[in-house]
Amino acid sequence: MIAETIASAKVLILTSNLHVVSDGSTGATSLIAEAEGVNCLELHPNRGKASAHAAGIGYYALASIYEGMLLLDADTRLMPDYVKTKLPRFAASDVVAVAGRAKSLPAADAGNQWVGFCSHAGSALNSITQRDRE
């Protein structure tokens, strides 16, 4: 499953800007991510989604590198026009978050991984973004 998520993101985002956090997964998540050439952080034991997000963002210092982040689960596939249709919405100065319509895969296919795909402004933007930092 993670391979399909990574593949859908690689169509839109540079591989060097892809970050995977394997949150206590027992499968081959890390091996698959590394074989695909993306950054991968393994967490053991499982920390839960919010803590895994925070760990990945902190470990890779993503908030200091990127203006925005696109946070995905391992059961997410990006449509080829996702960036093109979502990025312009950030032109408004009061917009800090944009969400797409989600249709999850069956629960039996879901894993414990989350995938944080990050890119410089002008590439992909996010489920949660902060424009102005105090």
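Derivation of every value follows stated rules applied to the coordinates shown; laboratory data play no part. Predicted model, so just to flag it, every value in this text is computed and none were measured. Because the Cβ atoms are built from the backbone with ideal geometry, glycine has one as well, and the counts that use them run over all protein chains shown.
Cα-based Rg of region 1-83 per 2.2 N^0.38 Å, rounded to two decimals? Provide the component values of the computation, followed by the final result.
Details: Rg = 12.2 Å, N = 83, 2.2 N^0.38 = 11.8 Å.
Scaled against compact globular proteins, the figure is 1.03.
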> What ranking do 26-39, 87-100, 1-14 get when scored by the average of other Cβ atoms within 10 Å per residue, highest first?
Replying inline: 1-14, 26-39, 87-100
